[in-house]
């Protein structure tokens, strides 16, 4: 069910500088925001307050949907992702120039002026700018048992979830220098950390650092991750005793959740994030990006909110 400020954004009044005297039958907005998560809602708030006409499209499939709560968010730590999004939508409902719809963008293409956007509903919208805040897709490793625990006791970001599992028995999955560094980082939250390499470790000088930090290394092949009602209990190996653990940190495979950025010609990093300047501009005029979709490092809800606010100010200035 859509949360909207107006059910059908009709042909809008012409802005200063428009040459046509009659409104177009295709809805025209100043910004279409693709993605209704923290970055997108934050951008919509700033643009709404700037009296820009905004349409937010949200698929309703946030990457953090399974999370127990959002960590490290000032004054809102522990809030459920769905509750944060609901509160954001309620705040935007006070702006008659902002509409939030449930649905996906199927296609976007450059026009003589601005962009034509095709919606999942079949409707076409003409926008002066396009803001990509659709986040990233995070795929946990394909180990038996991980999916059932994902977001509850199997995590990928210690800065988001480390505090909640502080002083518990923790594990880090991975092999190589990056995994060793992750284990050393996680050891800041607990003195009981084990690095699980799921096969022969690819470690060199890192072993000494791990030993100094009290991090054990287990190289046995993992059979299964076992838990109950979302909570990790143990990791079982093909050979050797099980490892009793309370939480597991893993590295995810991540990527763009759709092909819109690539289709528009946006440059992507090796990590599949959208390349932008410091204000959220992409290399494609009139196309902007913010939040996890355009963040190579230090992704969090707090950072996404800030990035959404920043890119919206840039959009508003560019539209003058």
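The values are calculated or read from the model by the stated rules, or taken from the named source; none is laboratory data. This structure is a prediction, so every number in the text was calculated from the model and none was measured. Cβ placement follows ideal geometry from the backbone for every residue including glycine, while neighbour counts extend to all protein chains displayed.
Quick check, is residue 193 buried (at least 21 other Cβ atoms within 10 Å of the Cβ), closer than 22 Å to residue 228 by Cα and either modelled with pLDDT under 95 or not assigned by TED's automatic domain parsing to the domain that holds residue 303 (or both)? Even if it seems obvious, please write down each step before you answer.
Values: buried (at least 21 other Cβ atoms within 10 Å of the Cβ): yes; closer than 22 Å to residue 228 by Cα: yes; either modelled with pLDDT under 95 or not assigned by TED's automatic domain parsing to the domain that holds residue 303 (or both): yes.
Yes.
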Filtering the range 247-279 down to residues that are touching a helix residue (DSSP H, G or I) at 6+ places or on another chain (Cβ under 8 Å), closer than 23 Å to residue 316 by Cα and without any contact (Cβ under 8 Å) to a residue 60 or more places away in the chain yields 275, 276, 279
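Do we have any residue at all in the range 105-115 that's under 16 Å from residue 293 (Cβ atoms) and not assigned by TED's automatic domain parsing to the domain that holds residue 150?
Keep residues of the range 105-115 that are under 16 Å from residue 293 (Cβ atoms), which gives 105, 108.
If we keep only those that are not assigned by TED's automatic domain parsing to the domain that holds residue 150 as well, we get 105, 108.
Scanning the range 105-115, I find at least one residue that is under 16 Å from residue 293 (Cβ atoms) and not assigned by TED's automatic domain parsing to the domain that holds residue 150, so the answer is yes.
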Those strands (runs of 3 or more DSSP E) completely within the range 56-144 that have 3 or more residues that are in contact with a helix residue (DSSP H, G or I) (Cβ under 8 Å, 6 or more places away or on another chain) and over 30 Å from residue 251 (Cβ atoms) are 105-110
For the range 74-81, check the following and say yes or no: at least one residue is modelled with pLDDT of 90 or more, in contact with a strand residue (DSSP E or B) (Cβ under 7 Å, 6 or more places away or on another chain) and under 27 Å from residue 156 (Cβ atoms). no
In the range 289-314, anything in contact with a strand residue (DSSP E or B) (Cβ under 6 Å, 6 or more places away or on another chain) and either surrounded by fewer than 24 Cβ atoms within 10 Å (Cβ to Cβ) or within 21 Å of residue 89 (Cβ to Cβ) (or both) is listed as 293, 311
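Criterion first (surrounded by 22 or more Cβ atoms within 10 Å (Cβ to Cβ), part of a loop (DSSP other than H, G, I, E, B) and modelled with pLDDT of 95 or more) does residue 36 satisfy it?
Against the criterion (surrounded by 22 or more Cβ atoms within 10 Å (Cβ to Cβ), part of a loop (DSSP other than H, G, I, E, B) and modelled with pLDDT of 95 or more), residue 36 qualifies.
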Just wondering, is there one or more residues in the range 100-111 that are touching a residue at least 24 places away in the same chain (Cβ under 8 Å) and surrounded by 23 or more Cβ atoms within 10 Å (Cβ to Cβ)? yes
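Strands (runs of 3 or more DSSP E) wholly in the range 173-246 with at least 1 residues that are touching a residue at least 60 places away in the same chain (Cβ under 8 Å) and closer than 17 Å to residue 143 by Cα - which ones? Reasoning before the result, please.
Numbers: elements: 193-196, 216-218, 222-228, 231-237.
In the range 173-246, 222-228, 231-237 are the strands (runs of 3 or more DSSP E) which contain 1 or more residues that are touching a residue at least 60 places away in the same chain (Cβ under 8 Å) and closer than 17 Å to residue 143 by Cα.
Of all residues in the range 190-200, which are under 17 Å from residue 175 (Cα atoms) and touching a strand residue (DSSP E or B) at 6+ places or on another chain (Cβ under 6 Å)? Give the derivation first.
In the first step, residues of the range 190-200 are kept if they are under 17 Å from residue 175 (Cα atoms); the result is 193-200.
Within the range 190-200, 193, 194, 195, 196, 198 meet the criteria.
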Scanning the range 80-95 residue by residue, those more than 19 Å from residue 309 (Cα to Cα) and either touching a residue at least 12 places away in the same chain (Cβ under 8 Å) or surrounded by 18 or more Cβ atoms within 10 Å (Cβ to Cβ) (or both) turn out to be 80, 82
Of the residues in the range 225-243 that are surrounded by 13 or more Cβ atoms within 10 Å (Cβ to Cβ) and out of contact with any helix residue (DSSP H, G or I) (no Cβ under 8 Å at 6 or more places or on another chain), the one that is farthest from residue 295 (Cα to Cα) is 242
